[in-house]
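Peer 1: Below is one structure. I have some questions about it.
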């Protein structure tokens, strides 16, 4: 299990299921993070999709040192820097342009660039990176696609995200080129709105058990 002071060699080894979280209230950030830790998932990809995202990220970084907090949905050079300055430990993007790759590299943080095709994966590999986000996973061919590219592109390892559910997560995790999956089902909007932290901890516990 990771500690805030020492990331594993691979972001894909942090947790079997990376919680992909959207927050609309800063005050929910810390209890959501603590619920995920309580459930055995000490990592969070907080997406930069809402106006409060950076403040929520900063709150988690400051108040929940036992979780590794990253920023997701990084789509611009400015966001990469803002996430770094807010305390992100890693970055995740839905796609990968040369400008965005350079900006994320410049932060000094580890990151997972998004790809959806073999050509995009090869372009990322040409930069020296071997780990990437496969997004949107189900819409882009799912586990069958990743299984097909494992032999011709063996250097690439993936965190598939997008359409991953408890019903299909194990299928992805069984693939040799998948290190973890991204899961938005761990923090559904209704449970966050109801502030049902125990239920979120329970979902995290079930997801953590997929590693077995």
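All of the numbers you see were taken from the coordinates with simple rules; none came from a lab. The model shown is predicted, which means the values in this text are computed figures rather than measured ones. Neighbour counts run over all protein chains shown; Cβ positions are idealised from the backbone, glycine included.
Peer 1: For the subset of the range 76-110 comprising residues that are touching a residue at least 60 places away in the same chain (Cβ under 8 Å) and in contact with a helix residue (DSSP H, G or I) (Cβ under 6 Å, 6 or more places away or on another chain), which member is surrounded by the fewest Cβ atoms within 10 Å (Cβ to Cβ)?
Peer 2: 110
Peer 1: Determine whether residue 20 is within 21 Å of residue 169 (Cα to Cα), assigned to a loop (DSSP other than H, G, I, E, B) and within 13 Å of the chain's Cα centre (by Cα).
Peer 2: Numbers: within 21 Å of residue 169 (Cα to Cα): yes; assigned to a loop (DSSP other than H, G, I, E, B): no; within 13 Å of the chain's Cα centre (by Cα): yes.
No.
Peer 1: Okay, next question. Filter the range 158-211 down to the residues that are part of a strand (DSSP E or B) and in contact with a helix residue (DSSP H, G or I) (Cβ under 8 Å, 6 or more places away or on another chain), then identify the one that is surrounded by the fewest Cβ atoms within 10 Å (Cβ to Cβ). Full working, then the answer.
Peer 2: First, pick out the residues of the range 158-211 that are part of a strand (DSSP E or B): 158-161, 178, 181-183.
Cutting the leftovers down to in contact with a helix residue (DSSP H, G or I) (Cβ under 8 Å, 6 or more places away or on another chain) gives us 158-160, 178, 181, 183.
Working: 158: 27, 159: 27, 160: 30, 178: 23, 181: 30, 183: 25.
The residue in question is 178.
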